[in-house]
Amino acid sequence: MKPTLSHFDASGASRMVDVTAKSVTVRMADAGARIRMQPETLRLIRDRGVAKGDVLEVARLAGIMAAKRTADLIPLCHPLALEAIEIAFAFRDADLLEIRAKVRIEGKTGVEMEALVAVSTAALTVYDMCKSVDRGMIIEQIRLEEKSGGRSGHFQRQDKREA
């Protein structure tokens, strides 16, 4: 069976997927992103020394807010009443900040895009708050790490992140 793209009808026109016949299940998605920066920039973030304020808390709020607005940003996403969004940060190396977002809902469609939008926006917020000291930051490896629920079942990325 040839895989099909669900956001196109038989004639190739864009469409929002009809989920009315789908069952409500618990859906979870975990996404990640990384930001490489100068070690001094990472120290400023960790030590809350950036003049604009607590970078991680502002980025956490930005990620949560963005996840809730995913349908406004991605044209064919369903608007969802998200039930849980967690955003976490980890200092992985002297120059590397990792961002993770876990999103959960009981619903008829998955929350992968909401998790990806959350980490993307959190990463962009870190960049915005720190660009005055480090314009060379690199946002990288925005990716789905895990998802569960729904017809397609469980997915977990097998390759490990390189530090």
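Within segment 25-57, being in contact (Cβ under 8 Å) with a residue 60 or more places away in the chain and touching a Lys or Arg at 6+ places or on another chain (Cβ under 6 Å) holds for Met28, Ala29, Asp30, Gly32. Among the residues of segment 53-68, none is identified as part of a loop (DSSP other than H, G, I, E, B) and open to solvent by 80 Å² or more (accessible area, probe 1.4 Å). Could you please find all residues in segment 133-153 being over 29 Å from Glu106 (Cβ atoms) and part of a strand (DSSP E or B)? Hits for segment 133-153 are Ile138, Ile139, Glu140, Gln141. Kindly check whether there is at least one residue in segment 29-37 that is basic (Lys, Arg) and closer than 28 Å to Val17 by Cβ. No; the residues of segment 29-37 include none that is basic (Lys, Arg) and closer than 28 Å to Val17 by Cβ.
In the set (1) touching a Ser or Thr at 6+ places or on another chain (Cβ under 9 Å); (2) in a loop (DSSP other than H, G, I, E, B); (3) of a type in the set (A, V, I, L, M, F, W, C), Ala81 fails one condition alone, (1). Scanning segment 69-108 for residues that are of a type in the set (D, E, K, R) and either more than 29 Å from Thr41 (Cα to Cα) or open to solvent by less than 60 Å² (accessible area, probe 1.4 Å) (or both) gives Arg69, Asp72, Glu83, Asp95, Glu98, Arg104, Glu106, Lys108. Scan segment 9-61 for residues that are of a type outside the set (D, E, K, R) and within 16 Å of the chain's Cα centre (by Cα) and jot them down. Residues satisfying the conditions are Met28, Ala29, Ala31, Gly32, Ala33, Ile35, Leu56, Val58, Ala59, Leu61. For the residues Met113, Met129, the requirement of being in contact with a Cys (Cβ under 6 Å, 6 or more places away or on another chain), touching a residue at least 12 places away in the same chain (Cβ under 8 Å) and either surrounded by 12 or more Cβ atoms within 10 Å (Cβ to Cβ) or not in a loop (DSSP other than H, G, I, E, B) (or both) singles out Met113.
Would you check which residues across segment 25-45 are open to solvent by 90 Å² or more (accessible area, probe 1.4 Å) and not in a helix (DSSP H, G or I) and list them?
Val26, Gln38 - these are the residues of segment 25-45 that are open to solvent by 90 Å² or more (accessible area, probe 1.4 Å) and not in a helix (DSSP H, G or I).
The values are calculated or read from the model by the stated rules, or taken from the named source; none is laboratory data. As the structure is a prediction and not an experimental result, all values here were calculated from the model. Glycine gets a Cβ as well: all are built from the backbone with ideal geometry, and neighbour counts include every protein chain shown. To get the accessible areas, we keep the full protein, side chains included, count just its heavy atoms, and leave off ligands, DNA and RNA. Shrake-Rupley method; radii C 1.70, N 1.55, O 1.52, S 1.80 Å.
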